[in-house]
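Coordinate-derived values only; no laboratory data. Owing to the predicted nature of the structure, the values given are computational and were not obtained by experimental measurement. Here the Cβ positions follow ideal geometry from the backbone for every residue, glycine too, while neighbour counts run over all protein chains shown.
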Amino acid sequence: MEALVNQLFAGLSLGSVLLLAALGLALTFGQMGVINMAHGEFIMAGAYTAYVVQGAISDAGVSLFVSIPLGFLVGGLMGVALEATLLRRMYHRPLDTLLVTWGVALILQQLARDIFGAPNVEVRAPGWLSGSVDLGVTQVPSARLFILALSIAAVVGLGVVLRTTPLGRRIRGVVQNRDLAETVGISTRSTDRLTFFIGSGLAGVAGVALTLLGSTGPTLGTNYIVDAFLVVVAGGIGQIKGSVIAAFALGVLQAAFEYSTTASIAKVLVFVVIVVFLQIRPQGIFSVRTRSLV
Amino acid sequence: MSAIPARLKGNTGVLLGFVVGALALLVLAPAVLSDFRLSLLGRFVCYAIVAVGIGLAWGRGGMLTLGQGVFFGLGAYVMAMHMKLDDAGPGGVPDFMQLYGSGEVPGWWEPFRSPVVTLVSVIAIPALVALVLGTAIFRRRVRGAYFAILSQALAAAFAILLIGQQATIGGTNGLNGFRSFFGFNLFDPVNKRMLFYLAAVTLLVVLLIVWQLYRSRYGELLVAVRDQEERVRFLGYDPATVKTVAYVLAAAMAGVAGALFVPIVGIISPANVGVVPSIAFLIGVAIGGRTTLFGPALGAIAVAWAQTTFSESFPSFWTYFQGALFVFVVAFLPGGLASVGGLLRRRKAIEPAPVVAKEGAPA
Amino acid sequence: MNADYLELSDVRVSFDGFLAVDGVSMTVLQGDLRFLIGPNGAGKTTLVDAITGLAPATGSVRFGRTELLGRKVHRIARLGIGRTFQTASVFEELTVLQNLDIAAGAGRGPLTLLRARSAVPDAVAEALETVGLSARRDEKAGVLAHGQKQWLEIGMLLVQNSRVLLLDEPVAGMSGEEREQTGELLRRVGAERTVVVVEHDMDFMRTFADSVTVLHAGKVLSEGTVAQVQADEGVQEVYLGEAATRKALAAVAEQEGE
């Protein structure tokens, strides 16, 4: 029983990390069709933000809560800069955005290496996050529980923004029918930019959260970007809930496979499961039906 | 103007390209380059072979394959396993296994003691993996970004799998320290030169194969599938088959390149096959012109040459430069350097088009 | 040779519970130039999608004695069912000749495919002549005028050896002269084939249709000759309820005068 709960929690915890990394992608890839490989580097930027903030504010608890909004801002601004300079002119060839943003990712990684040095840096977790919480059946690390809560908060927050605010309605309008949205007077240009801001900002938040789990290095983002994209692909485009389910499902699967085999074989098995899953549902868990041929 | 002279003219250009390429690789390079440089060029030629395959799959077929490192790696590891077993002698155990493993050769290594099995597997294993994956993915109409991401995930999974298997496949260290290649001593400079010739001839052969494909009806069909997959379906073709053929060929080419890479470079490790090297294969293709015949190979050689020249003395500069290349070429010059001349010509050609648009009503 | 015919019975297509096509039955005979009209959202294109295997449907679509429903798109195409799209979809990077050659080649074996084309196939040369694009054979399809692209598409159906031609708004965006030529072309090729034309252009329909089926809200509202359909009160109502064209308004005036 305890082993089972432990495994389940390990899976959910992994899922919540994946979800934080993938949530912004679900917006920018799922909804705008841009494949932003630099998303991983926005995560990395968020992590370094936490590192810099902790250099200024020594109290680990305060610096964490300052870092989260600041990480959002840093990631978001980097995203807007990328959108405005390069991606704007490339919406009609989404595949090429992948390579362009990969180039941007290389540059950002090297920048981080030149600014912060190649060795990893550490961000101290606040005292109340370094212990464990007793859930009755088992003990779980507080930091992981915090990230789980943070990811749920991010999903709920994003859901509220999309559902209730005028901006959210505009985003959903543009997603469902870009041309129509444009003809009814929605500025797709500024909507795209805001979508990118939010999506990239979420990457920054993910980066801050990751500092609680391990050290921060220039290649931090690369470790997560592939899995994050897999989550979006498996979840299906156009809807956030697909990504949520996919993230937790992949997390639990990975943990379960790891338990019965090894971490590396588990990775391969998860890949196989996704390919098989796409045989059954090529559009992912959820998809927005359209009439277009593509 | 009738089409025949145009076609002839096109062919002379290509044939000339082959002659120049053959002279440069087989006569000029061995004459002027030191053994060390020649071996380096041999490595670049291996990358070029991968690039030709990517040109076929991505440039002509529209499949952005970010996982060619997997097929490269499969070919390379098969060859490396054979060479390791060969070095160990009949019934012998490769050195690293004695160090990290149980001291016994795993059963799945045994077939690669045979040179014939190895040579067949170098092509067949990557091709088979691509066939299974391609059939599964393309038949369910998974394409575009989805395909790109899946192929990238495959590369990630493959590298992680290799890293995890220290005892049986060398883990992070990979396989290295080879002494002979099918009985030829690898420390003998003459044999190293022969390896270069082998790689160069292979590149030329691969280019010839791809040239024939591009000229053929299949090549036209592949472009049609790239641009309008659904339309092709309504003409009675199954686009999945068309795409799978190109994907499998590209995989086989990568496999052959990997198999040549191992004796030339002397090592294969997960660092050569993962996400990063897989995507790095693309930049040369993009620069040279993804839809052209010679562009991908030339681009790959040029990029690899630049990387070797700059990355050692200015590692930081090289990474910035490589990143900037991706951004600049793909965003602003999607046709690659090969398109620069064409862009100027097309600008002139577009003008008169509307004038002739009226003629030619149904008879 | 027996005449071909396309027979639909009780065809239904549903998208997430919404019935886009709701029990359509109709029969189109060879040599009968059938027009399929109806207001926007009537299910015309969806019906064509269902016949060609793009949209999953229930009921039955038979071409002669062959059931089409449940087959894959490219299998249906090989059985001789060809279609065009609202937006001309030719292969813009390829020449006119290459476009037609691909359309003609679904039955080619691997060895033929792996060789370059040595001569223009007879069927392709004939189709080039029929659709009037012989002179532009070696030009890229992308530079053709809009109307010419549509003709090229029809030419592709001809070399594809389609027995059934399903054309989705073939004259949309064409000039008057081009429409005329397209109509003549359809009459010529339609004599020995089964042709269904989805169209919004009423003038075009009146000039060239042998028979008309009117769809509304996924159902067949009326079927018959142009005159019969035009006299149908239900049809008039539907068209008045939608867009008030001048002709329709005139019809209102007449009705009120009675």
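Sorting A:178-185, B:322-329 by average packing, meaning the other beta carbons within 10 Å per residue, from highest down gives B:322-329, A:178-185. In terms of the Cα gyration tensor, with a ≥ b ≥ c the square roots of its eigenvalues, is the stretch B:13-278 rounded because a/c is under 1.5, prolate because a/b exceeds b/c, or oblate? Note, shape of the stretch B:13-278 comes out oblate. Take the Cβ atoms of residue A:180 and residue C:200, set R0 to 25 Å, and the FRET efficiency comes out at 0.80. Once a ≥ b ≥ c are taken as the square roots of the eigenvalues of the Cα gyration tensor of chain A, is the result rounded (a/c under 1.5), prolate (a/b larger than b/c) or oblate (a/b not larger than b/c)? Since a/c reaches 1.5 but b/c is at least a/b, the shape of chain A is classed as oblate. Computed over neighbours whose Cβ is under 15 Å from that of residue A:39, the net charge equals -3, Lys and Arg +1, Asp and Glu -1. Summary value for chain C: 26 percent relative contact order, contacts being C-alpha pairs under 8 angstrom separated by 6+ residues. When both bridge partners sit in the protein assembly as shown, DSSP labels roughly 65% of those beta bridges antiparallel.
What value, in deg cm²/dmol to 500, does the helix sum -39500 (n - 2.57) over DSSP H runs of n ≥ 4 give at 222 nm once divided by the residues of chain B?
Values: 17 runs with 259 residues, N = 363.
So the helix-based figure for chain B works out to -23500 deg cm²/dmol.
Remark: the residue A:8-residue A:277 segment gains 94.7 nm on full extension, using 0.36 nm per residue and subtracting the alpha carbon distance. Working note: 222 nm ellipticity from helices only, DSSP H runs with n ≥ 4, each -39,500 (n - 2.57), summed and divided by the residues of chain A, gives -24000 deg cm²/dmol to the nearest 500. Overall shape: prolate for the stretch A:128-244, with the ratio a/c of the largest to smallest alpha carbon gyration tensor axis at 1.5 or above and a/b above b/c.
Cα centroid separation, the stretch A:98-142 to the stretch B:65-97: 35 Å. Which of the pairs B:84/B:243; B:243/C:44; C:44/C:72; C:149/C:219 have their Cα atoms more than 26 Å apart in this structure? Long pairs (Cα-Cα over 26 Å): B:84/B:243; B:243/C:44; C:149/C:219.
Between residue C:112 and residue C:9, the C-beta separation translates, for a Förster distance of 41 Å, into a calculated FRET efficiency of about 0.60. Distance between the pseudo-spin-label points of residue B:110 and residue B:241 (7 Å out from Cα toward the beta carbon): 3.9 nm.
For chain B, the longest principal axis of the C-alpha atoms and the axis of helix B:35-54 are separated by about 50°. For chain C, the membrane-span-like helix rule (DSSP H, alpha carbon extent of at least 18 Å along the helix axis, mean Kyte-Doolittle at least -0.5) picks out C:146-159; this says nothing about an actual membrane.
With the simple model of a label 7 Å out from the Cα in the direction of the Cβ, residue C:134 to residue B:309 spans 5.6 nm.
With the highest mean first, a sort of the peptides C:103-111, A:101-109 on other beta-carbon atoms found within 10 angstrom per residue produces A:101-109, C:103-111.
DSSP bridge analysis restricted to chain C gives an antiparallel fraction near 60%, rounded to the nearest 5. Averaged over the residues of B:163-170, the number of partner chain Cβ atoms lying within 10 Å of the residue Cβ comes to 2. Sorting B:104-117, C:76-89, A:139-152 by average packing, meaning the other beta carbons within 10 Å per residue, from highest down gives C:76-89, A:139-152, B:104-117.
Take each residue of peptide B:149-161, count the partner chain Cβ atoms within 10 Å of its Cβ, and average: the result is 6. For the pair the stretch C:153-189 / the stretch C:55-81, the C-alpha centres are spaced 22 Å from each other.
Using a 10 Å cut-off on Cβ to Cβ distances, tally the other chain neighbours for every residue of B:310-322 and report the average as a whole number.
2
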